[in-house]
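This report refers to the structure that appears directly beneath it.
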Amino acid sequence: MPASTIERLQVACEEDLVRVRQRVRTMAAEIGLSLVNQTKIVTAASELARNMLKYGGGGETEFERVERNGLIGLQLTFRDSGPGIENIEMAMTDGYTTGGGMGLGLSGSKRLVNDFAIQSAPGQGTTVTVIRWK
Amino acid sequence: MERIPILKLHDLLLVTIQVDMHDRLAMTLQDDLMHQIRRTRARGVLIDISALDLVDSFIGRLIGEIASMARVMDAETVLVGMQPAVAITLVELGLSLGGVRTALNVERGMQLLREGSPEEEASGHASIDH
């Protein structure tokens, strides 16, 4: 297996969300995720990238093929340097929103992936890392 | 400016979404559709998403809003052609599209719109909820 390389895309406008979705779709298909799992991680990526744009003032998405314990997966990292999240627990609740959306971005995308990690503090930006295993 | 075409079929409007919509394009569609309902006096709107490989919460909300707006304008909306992987993902995401009627394809959607009042066809949109 070749050493894994990390790809990056900036998310600064709505059109960038389309680029993120397309890149995730291509990588997920290359890794060999099933169609349903491809759709799940692309949808999660769309939610998380939009969150980054909407609440974090834009940011960066990292795409990485990962291998662990014989499993192959697609890892995505969404990093912004926005205002951060004061109460992560509350932000992870279905229906909770500060932006007039449906409040499904974080909680919903967590359900669509296998691993979900979020790091955030007021003034420190937000980083969300997700993995969907094959 | 890029736009999603809206076709008129008798008293129905048919919208086939084939591109991965960025958010602004989606908003434009909402606007165009409402104007077309008024202009053509359409009684029904069919939104065909059979070519879409993703419906996220933004698009889901947009579709729900279209259905509500169209209803206020005296037109019923039926969402048709959702791919199985999209349906599975959408429900897991937490979106049930409760207020939107659905049909398997355009033909069945047309049938549903021609058949009469929404109350009689409550089963038409319950399929995706549970």
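Computed from the coordinates by the stated procedures, all read-outs in this text should not be read as laboratory data. Just so we're clear, the structure is a prediction, and the values are computed from it rather than from any experiment. Please note: Cβ atoms are built from the backbone with ideal geometry, for glycine as well, and neighbour counts cover all protein chains shown.
Straight-line reach from B:LYS8: which aspartates and glutamates fall under 17 Å, measuring Cα to Cα and dropping same-chain residues less than 8 apart?
B:ASP31, B:ASP32, B:ASP48, B:ASP74, B:GLU76, B:GLU107
Where Lys and Arg each count +1 and Asp and Glu each count -1, what net charge lies around A:ALA121 among other residues with Cβ under 15 Å from its Cβ?
Details: positive: A:ARG79; negative: A:ASP80, A:GLU86, A:GLU89.
Result for the neighbourhood of A:ALA121: -2.
What value, in deg cm²/dmol to 500, does the helix sum -39500 (n - 2.57) over DSSP H runs of n ≥ 4 give at 222 nm once divided by the residues of chain A? Each step should come with its number before you reach the end.
Details: 4 runs with 51 residues, N = 134.
So the calculated ellipticity at 222 nm is -12000 deg cm²/dmol.
Place a label point 7 angstrom from the Cα of B:HIS10 along the Cα-to-Cβ direction, then list the residues of region B:66-84 whose backbone nitrogen is under 17 Å away.
B:75-78, by backbone N distance to the label point.
Please report the antiparallel percentage of the DSSP beta bridges confined to the protein assembly as shown, to the nearest 5. Mind dumping the intermediate values first?
Details: 34 of 47 bridges.
For the protein assembly as shown, the DSSP antiparallel bridge percentage is about 70.
Take each uninterrupted DSSP H stretch in chain B, measure its Cα extent along the helix axis, and return the ones at 18 Å or beyond whose mean Kyte-Doolittle hydropathy is at least -1.0.
Numbers: long enough: B:23-40 (26 Å, -0.78); B:57-72 (22 Å, 0.93).
Answer set is B:23-40, B:57-72.
With unit charges on the beta carbon (Lys/Arg positive, Asp/Glu negative), name the residue among B:ALA70, B:THR89, B:MET21 whose Cα is farthest towards the positive pole of the charge dipole of chain B.
B:ALA70
Would you tell me the mean number of C-beta atoms belonging to other protein chains that fall within 10 Å of each C-beta in A:102-108, as a whole number? Kindly include the intermediate steps, with their values, before the conclusion.
Working: counts 8, 2, 8, 4, 0, 2, 9.
Shielding by partners across A:102-108 averages 5.
As an exercise, identify the GluC sites (Glu not before Pro) in region A:61-101 lying in DSSP coil whose Cβ has no more than 14 other Cβ atoms within 10 Å. If you can, show how the numbers build up before the last one.
Numbers: sites: A:GLU62, A:GLU64, A:GLU67, A:GLU86, A:GLU89; in loops: A:GLU86.
For GluC sites (Glu not before Pro) across region A:61-101 that sit outside H, G, I, E and B with at most 14 neighbouring Cβ atoms in 10 Å, the list reads A:GLU86.
Taking the Cα centre of the protein assembly as shown as the origin, how large is its charge dipole in debye, to the nearest 20, when only Lys and Arg (+1) and Asp and Glu (-1) carry charge on their Cβ atoms? Each step should come with its number before you reach the end.
Details: 27 positive and 34 negative charges, 59 e Å.
Using only the charged Cβ atoms, the result is roughly 280 debye.
Given the peptides A:123-133, A:105-115, B:95-105, arrange them by the average over their residues of other C-beta atoms within 10 Å, most packed first. Intermediate values should be presented prior to the final figure.
Details: A:123-133: 19.6, A:105-115: 21.4, B:95-105: 18.0.
Packing order, densest peptide first, comes out as A:105-115, A:123-133, B:95-105.
Looking at chain B only, what percent of DSSP beta bridges run antiparallel? Nearest 5 please.
Working: 4 of 17 bridges.
Roughly 25 percent of the DSSP beta bridges within chain B come out antiparallel.
Just checking the output field for B:13-21: average partner chain Cβ neighbours within 10 Å of each residue's Cβ?
On the way: counts 0, 0, 0, 0, 0, 0, 1, 8, 3.
Per residue, the number of nearby Cβ atoms from other chains is 1 on average.
Per residue, what volume in Å³ does the Cα convex hull of the protein assembly as shown take up? The partial results should precede the final answer.
Working: hull volume 34.4 nm³, N = 264.
Dividing the Cα hull volume of the protein assembly as shown by its residue count gives 130 Å³.
Mind checking the alpha-carbon convex hull of region B:6-117 and giving the volume per residue in Å³? Don't jump to the answer; show the numbers that get you there.
Values: hull volume 10.0 nm³, N = 112.
In region B:6-117, the Cα convex hull volume per residue is 89 Å³.
State the Cα centre-to-centre distance between region B:1-63 and region A:106-133 in whole Å.
32
Give me the distance in nm between label points sitting 7 Å out from Cα along the Cα-to-Cβ direction at B:HIS35 and B:LEU104, one decimal.
Here the answer is 3.7 nm between the modelled labels.
Pull up the cross-link candidates among the lysines for A:LYS40, meaning alpha carbon to alpha carbon under 22 Å and not fewer than 8 places away within one chain.
Filter leaves A:LYS54, A:LYS110, A:LYS134.
Taking the Cα centre of region B:6-117 as origin and charging only Cβ (+1 Lys, Arg; -1 Asp, Glu), how large is the dipole, in debye to the nearest 20? Could the numbers behind the result be given before it?
Values: 11 positive and 14 negative charges, 95 e Å.
The dipole of region B:6-117 has a size of about 460 debye.
Roughly how compact is region A:6-133, stated as its Cα Rg over 2.2 N^0.38 Å to two decimals? Each step should come with its number before you reach the end.
On the way: Rg = 13.7 Å, N = 128, 2.2 N^0.38 = 13.9 Å.
Rg over 2.2 N^0.38 Å, computed on Cα atoms: 0.99.
Once you average over the residues of A:7-19, how many Cβ atoms of partner chains fall within 10 Å of each Cβ?
On the way: counts 0, 0, 0, 0, 0, 0, 3, 8, 4, 1, 6, 6, 2.
Per residue, the average neighbour count from other chains is 2.
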